[in-house]
Amino acid sequence: MTDFAHTRSQFHLPDGLVYLDGNSLGPLPVAARARIAGLLDDEWGEMLIRGWNEAGWMAMPEHVGERIGRLIGAGSGTVVTGDTLSIKLYQALAAALDLRTGRRIVLSDHGNFPSDLHMARGLMHTLGRGHELRLVAPEAVTQALDDTVAVLMLTEVDYRTGRLHDMAELTRAAHAAGALTVWDLAHSAGALPVDLEGADADFAVGCTYKFLNGGPGAPAFIYVAPRHIDRVTPVLAGWLGHEAPFAFDLDYRPGPGIARMRVGTPSIPGLAVLDAALEVWEGVSISDVRARSVELSETFIHEVERRCPALELVSPRNAHRRGSQVTWRFAGACSFMQALNDRGVVGDFRPPDMMRFGITPLYLDAGDIMRAARVMETLMTERGWDRSRRTGTMT
Ligand SMILES: *Cc1c(COP(=O)(O)O)cnc(C)c1O
């Protein structure tokens, strides 16, 4: 059984704050401080250029990728870290399209994050091969799969509503239609059990500053299924994805395995903090995290509905169809959330009228959830959110 009191003690959280925004930026893992100090003083400070080999910096993108792989059902040698999620998505989609050259459609849904769709369009424009992005409602994805679809590109958990796609089922349907899949795990990795191999996913990408607590702008990750990895020609063919970077060869030859998805010089401070953040997961079972997340979310929904009937639940009511967040709709959402933040309960606002609350059992317990519900009730009864709007405290 995962010891959640122990995991909680491994995070720094400001006194008196209930932090329900870990789906956007996870809090500071205490171990990151010593890790960064060690990197600066003992590694960079003393070793200088030797750090790339002697401190293992050069191997960190793969080393950290291995640790993430264990949380998302990916085997050894299939995950590498670096760059940003937007970049990794671009790489994954380009690779997938190259494996389906006869087809022109990229299928996605309205619930996807704008950056994913912008990157996809940018890639299609650059390729100039007549690709098109087809966007449908999340419920209509399966029926939109036909023999024109090259790639099904989806974010498993909707960043606004928390709606959870069935990865195994949709991957099966995509494969049956002859398409490949690119899964975005931004709101899945560290939030719920993911089984990329079990689902037979082709490509997956994700960020690490949300539920993995890797810090602001922490490096992203990319997964490529073993059956594809040696067939993929990287579109961002940087020197560190080369077979022999230090041969300084003028011709590009992709590196062995997942290393070819590396691009340029990795951000070592970013990787070091992320590596420290992943330490928290030692001894933690992701199924326990999921079970606790469902329990806390159910309590939150129950308590808030009872206390604040004006709020409308946007997230799926069925816990099996929901990621690790709860979203409410309310006409005064923006001011309400601002007032809530002022009272020490931090969630966030997404236009036009949504309030999101991330449920993160590693550092949240039932007491936090109850306190958040009580503060929301008080705010609602006192119409405190209205006042905050009048006094112009909104930022
Ligand atoms: C958070 C998020 C992003 C952000 O991408 P970055 O490149 O890290 O800024 C992209 N896609 C989804 C689905 C997200 O949730």
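For region 67-76, the condition holds for at least one residue, the condition being that it is buried (at least 19 other Cβ atoms within 10 Å of the Cβ), within 16 Å of the ligand (Cβ to nearest atom) and either closer than 28 Å to A259 by Cβ or of a type outside the set (S, T, Y) (or both).
Scanning region 107-120 for residues that are more than 11 Å from the ligand (Cβ to nearest atom) and of a type in the set (S, T, N, Q) yields a count of 0. Residues of region 282-312 that are more than 30 Å from G73 (Cα to Cα) and in contact with a strand residue (DSSP E or B) (Cβ under 6 Å, 6 or more places away or on another chain): L311, E312.
One line per residue, one yes/no per condition, for (1) free of Cβ contacts under 8 Å to residues at least 24 places away in the same chain; (2) within 30 Å of D41 (Cβ to Cβ):
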position: E279; (1), (2): no, yes
position: S287; (1), (2): no, no
position: A291; (1), (2): yes, no
position: E303; (1), (2): no, no
position: P309; (1), (2): yes, no
position: A339; (1), (2): no, no
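Answer yes if at least one residue in region 85-106 is crowded, with 18+ Cβ neighbours inside 10 Å, more than 23 Å from T265 (Cβ to Cβ) and either without any contact (Cβ under 8 Å) to a residue 40 or more places away in the chain or within 10 Å of the ligand (Cβ to nearest atom) (or both), and no otherwise. No. Number of residues in region 349-368 that are surrounded by 15 or more Cβ atoms within 10 Å (Cβ to Cβ) and either among the aromatic types (F, W, Y) or not in a loop (DSSP other than H, G, I, E, B) (or both): the value is 9.
Can you tell me how many residues in region 1-25 are outside any helix (DSSP H, G or I), of a type in the set (A, V, I, L, M, F, W, C), closer than 21 Å to I286 by Cβ and modelled with pLDDT of 95 or more?
3
Screening the candidates A191, A168, A177 for the property of being touching a helix residue (DSSP H, G or I) at 6+ places or on another chain (Cβ under 6 Å), more than 10 Å from the ligand (Cβ to nearest atom) and not polar (S, T, N, Q) yields one hit, A168.
Do any strands (runs of 3 or more DSSP E) entirely within region 107-202 hold 2 or more residues that are in contact with a strand residue (DSSP E or B) (Cβ under 9 Å, 6 or more places away or on another chain) and surrounded by fewer than 18 Cβ atoms within 10 Å (Cβ to Cβ), and if so, which?
Output list reads 132-136.
For V80, the conditions (1) in contact with a Lys or Arg (Cβ under 9 Å, 6 or more places away or on another chain); (2) within 15 Å of the ligand (Cβ to nearest atom); (3) β-branched (V, I, T) all hold with the exception of (2).
Taking the condition outside any helix (DSSP H, G or I) and of a type in the set (D, E, K, R), does R371 pass? Taking the combined requirement at face value, the residue does not satisfy it.
Report the residue count in region 121-143 for those that are under 20 Å from D166 (Cα atoms) and within 16 Å of the ligand (Cβ to nearest atom). Steps first, please.
Here is the first cut: in region 121-143, the ones under 20 Å from D166 (Cα atoms) are 134-143.
Keeping just the survivors that are within 16 Å of the ligand (Cβ to nearest atom) gives 135, 138, 141.
Residues flagged as under 20 Å from D166 (Cα atoms) and within 16 Å of the ligand (Cβ to nearest atom) within region 121-143 amount to 3.
Conditions tested, residue by residue: (1) farther than 29 Å from G22 by Cα; (2) over 22 Å from the mean Cα position of the chain (by Cα); (3) not in a loop (DSSP other than H, G, I, E, B).
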| residue | (1), (2), (3) |
| --- | --- |
| A218 | no, no, no |
| I222 | no, no, yes |
| H228 | yes, yes, yes |
| V235 | yes, yes, no |
| D251 | yes, yes, no |
| V263 | no, no, no |
| P269 | no, no, yes |
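Taking residues in region 110-128 that are within 13 Å of K88 (Cα to Cα) and among the small types (G, A, S), and partners anywhere that are away from the ligand (no atom under 11 Å from the Cβ) and not in a helix (DSSP H, G or I), the pairs with Cβ atoms closer than 7 Å and at least 6 places apart or on different chains are A120/V106; A120/L133.
Might you check whether a residue that is within 17 Å of P219 (Cβ to Cβ), under 25 Å from the mean Cα position of the chain (by Cα) and buried (at least 22 other Cβ atoms within 10 Å of the Cβ) occurs anywhere in region 1-24? Within region 1-24, not a single residue is within 17 Å of P219 (Cβ to Cβ), under 25 Å from the mean Cα position of the chain (by Cα) and buried (at least 22 other Cβ atoms within 10 Å of the Cβ).
The values are calculated or read from the model by the stated rules, or taken from the named source; none is laboratory data. Everything quoted here is computed from the prediction, not taken from an experiment. Quick reminder, even Gly has a Cβ in these numbers, built from the backbone with ideal geometry, and neighbours come from all protein chains shown.
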